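The values are calculated or read from the model by the stated rules, or taken from the named source; none is laboratory data. Keep in mind it's a predicted model, so treat the numbers as computed, not measured. Cβ: placed from backbone, ideal geometry, glycine included. Neighbour counts: every protein chain shown.
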Amino acid sequence: MTSYRLKRHRKRFHGANHYALIPFIDMMTILVVFLLVHTAEVDILPNSKSISIPQSISERKPNETVVVMVTRDSLFVDGRLIGTLSEVAAMPGLIIMPLKEALIAQNDRILSKAQKADITKREVTIMGDKTTPFSVLKRIMATCTEAEYGKVSLAVVERESAART
């Protein structure tokens, strides 16, 4: 036979109320981990394993722009194949006409209203492999300016902070 005090003690301290806190703590822990993982700053530029991008120490992050990707053997505009580098090198003149046509087609689709109205605000980013010859990059940059893009940027990988000091 148990005493009245012992029954009251068991009812008070061994009831189901203190167990309701454990699932709440578990859910809060999961929520904190989820928020920490998914709030990291992400790159805007597409990642390609076939391109080895040079490094830079610039702090400024790139804006959303039209992306010209130059791999070791192909040329792309926003993921669409324009041609191979051998075809581009064989084309006469400084301007690459298929690239110019693709860049002009991207004007209406990607650029904002301010960039459509003001040519100096139009931006294109060139992601080129670091082994790409300068003569090809020069022709691509000339084609970008011919397609009325005011800012031409070269994409680079930011160096580690330990290498800056």
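For the condition of a type in the set (Ser, Thr, Tyr), over 19 Å from residue 146 (Cα atoms), loosely packed, with under 11 Cβ neighbours inside 10 Å and at pLDDT 70 or above, what is the one hit in 58, 74, 86, 50? Walk me through how you get there before you give the answer.
Numbers: 58 fails: at pLDDT 70 or above; 74 fails: loosely packed, with under 11 Cβ neighbours inside 10 Å; 50 fails: at pLDDT 70 or above.
Of the residues listed, the single one that is of a type in the set (Ser, Thr, Tyr), over 19 Å from residue 146 (Cα atoms), loosely packed, with under 11 Cβ neighbours inside 10 Å and at pLDDT 70 or above is 86.
State the number of residues belonging to the stretch 125-150 that are in a strand (DSSP E or B) and either modelled with pLDDT under 85 or over 17 Å from residue 67 (Cβ atoms) (or both). Please lay out each step first, then the result.
Residues of the stretch 125-150 in a strand (DSSP E or B): 125-128.
Checking which are either modelled with pLDDT under 85 or over 17 Å from residue 67 (Cβ atoms) (or both) leaves us with 128.
Number satisfying all stated conditions: 1.
Out of curiosity, is residue 65 of a type in the set (Ser, Thr, Tyr) and either surrounded by 10 or more Cβ atoms within 10 Å (Cβ to Cβ) or modelled with pLDDT of 85 or more (or both)? Lay out the reasoning, then the answer.
Details: of a type in the set (Ser, Thr, Tyr): yes; either surrounded by 10 or more Cβ atoms within 10 Å (Cβ to Cβ) or modelled with pLDDT of 85 or more (or both): yes.
Considered against the rule, which asks whether it is of a type in the set (Ser, Thr, Tyr) and either surrounded by 10 or more Cβ atoms within 10 Å (Cβ to Cβ) or modelled with pLDDT of 85 or more (or both), residue 65 comes out as yes.
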